[in-house]
Amino acid sequence: MLVEKDGITIRLMEDSLENYQLMAKWLTDERVLEFYEGRDNPFDLERAIATYQPMVIGNDPVKPCLIYYENIKIGYLQYYLLDDLPETDKQQYCLEKTDHVYALDLFIGEPDYWHRGIGTKILTMVVNYIFEVLLASKIVIDPHIDNSRAIRCYEKAGFVKVKVLPAHELHEGKYSDCWLMAIEGNKSLH
């Protein structure tokens, strides 16, 4: 287990067919794909396995996690240390320094759990964990600029908009601008 609070548990994702089937279910749901990966980019089981099997960036593995709410799997989260990215990948964040900077990606794959404040609680838990246990100096996240729901959630969790990353991510056939949002160390929330 990674963290647990208020009925939310975040655990490292186990390498299992059941988990990959769940990822494929979420990543073929057009409601989810509208915000994560794109509706023109669904994941069948084979692609979910290829994408979400344990992977390594540099010497530090990406930490894939499943999000549970009252013991029901509702979403996916991954975090990773930017220090371990290849230099070209680090440059996409347009940061002068990446020492002890972590990046997050996440989605709630069960739309019945949207609009309930769960995303903010998840982020608060993960931010605290990354600052307090992993001793990060900063955490970044990069939502599409038109994903107002996600941006509000990130702001409630303490992230601030730093700069627009032009044409940052291919989404539904075009390169979309994203916000680089960050939260600095020593701002963990309780």
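The values are calculated or read from the model by the stated rules, or taken from the named source; none is laboratory data. Please read these numbers as outputs of a predicted model, since none were measured by experiment. FYI the Cβ positions are ideal-geometry reconstructions off the backbone, even for glycines, and counts take in every protein chain you see.
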What are the residues in the stretch 17-38 that are touching a residue at least 40 places away in the same chain (Cβ under 8 Å) and either over 18 Å from the mean Cα position of the chain (by Cα) or more than 25 Å from Ser148 (Cβ to Cβ) (or both), if any? Asn19, Leu22, Met23, Lys25
Could you tell me how many of the residues in the stretch 127-151 are among the β-branched types (Val, Ile, Thr), more than 18 Å from Ile10 (Cβ to Cβ) and not in a helix (DSSP H, G or I)? 2
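To keep it simple, each residue is scored yes or no on (1) modelled with pLDDT of 90 or more; (2) touching a Gly at 6+ places or on another chain (Cβ under 9 Å); (3) crowded, with 21+ Cβ neighbours inside 10 Å.
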| site | (1), (2), (3) |
| --- | --- |
| Asp84 | no, yes, no |
| Asp89 | no, no, no |
| Lys97 | no, no, no |
| Ile108 | yes, yes, yes |
| Pro111 | yes, no, no |
| Trp114 | yes, no, no |
| Ile118 | yes, yes, no |
| Thr124 | yes, yes, no |
Test set (1) more than 14 Å from the chain's Cα centre (by Cα); (2) of a type outside the set (D, E, K, R); (3) under 21 Å from Arg11 (Cβ atoms); (4) assigned to a strand (DSSP E or B) - Pro166 fails condition number: (3)
Flag if Tyr154 is out of contact with any Cys (no Cβ under 8 Å at 6 or more places or on another chain) and outside any strand (DSSP E or B): yes
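Could you list, in sequence order, the residues of the stretch 40-65 that are in a loop (DSSP other than H, G, I, E, B), at pLDDT below 90 and surrounded by fewer than 16 Cβ atoms within 10 Å (Cβ to Cβ)?
Let us first name the residues in the stretch 40-65 that are in a loop (DSSP other than H, G, I, E, B), namely 40-44, 53-55, 58-59, 62.
Then keep just the ones that are at pLDDT below 90; that gives 40-41, 53-55, 58-59, 62.
Asp40, Asn41, Gln53, Pro54, Met55, Gly58, Asn59, listed by residue number.
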Does Tyr68 satisfy the criteria of being at pLDDT 90 or above, touching a Gly at 6+ places or on another chain (Cβ under 8 Å), within 19 Å of Tyr129 (Cβ to Cβ) and not acidic (Asp, Glu)? no
Quick one: in the stretch 133-190, of everything that is in contact with a Leu (Cβ under 7 Å, 6 or more places away or on another chain), under 19 Å from Leu82 (Cα atoms) and charged (D, E, K, R), which residue is surrounded by the fewest Cβ atoms within 10 Å (Cβ to Cβ)? Lys163
